[in-house]
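After the structure tokens below, expect a handful of questions from me.
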Amino acid sequence: MSIADREQLPAGAGAVAVPDVEADALGEVKARGYWEQVWRLFKRDKAAMASGVFIILLVLVATVGAPIAANMLGHGPNELSATACATSSRSVR
């Protein structure tokens, strides 16, 4: 587009204003949704991605760790061990 082909623009339009171009020349414009924009910005932020991975890792360890600890200790997280029950009954007397 040469300078002669451009339309006259108002003074407040700014130096970068360009007259409308037909949609066929630019191709189809895709509108992005709110969550798609959030995900694009989240992927760019390295600290946010590292924090997200850390939170997922914490949730995974918390859910998988309880059964593993129950097998290693011999009792579940909400049960008292045999040695704890034995020592607590002696101190009560």
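Hey, rough spin-label estimate for Asn78 and Trp35, points 7 angstrom out along Cα→Cβ, what's it come to in nanometres?
Distance between label points: 3.3 nm.
Right, another one. Mind listing the phi-derived Karplus ³J(HN,Hα) values for region 35-49, rounded to whole Hz, using 6.51, -1.76 and 1.60 with θ = phi - 60°, and x for any glycine or proline?
5, 5, 5, 4, 5, 4, 5, 5, 5, 6, 8, 5, 5, 5, 5
Since every read-out is calculated from the coordinates, none of them should be taken as a lab result. Note that the structure is a prediction, hence the values are computed from the model and not measured. Cβ coordinates were reconstructed from backbone atoms using ideal geometry, including for glycine residues, and neighbour counts include every protein chain displayed.
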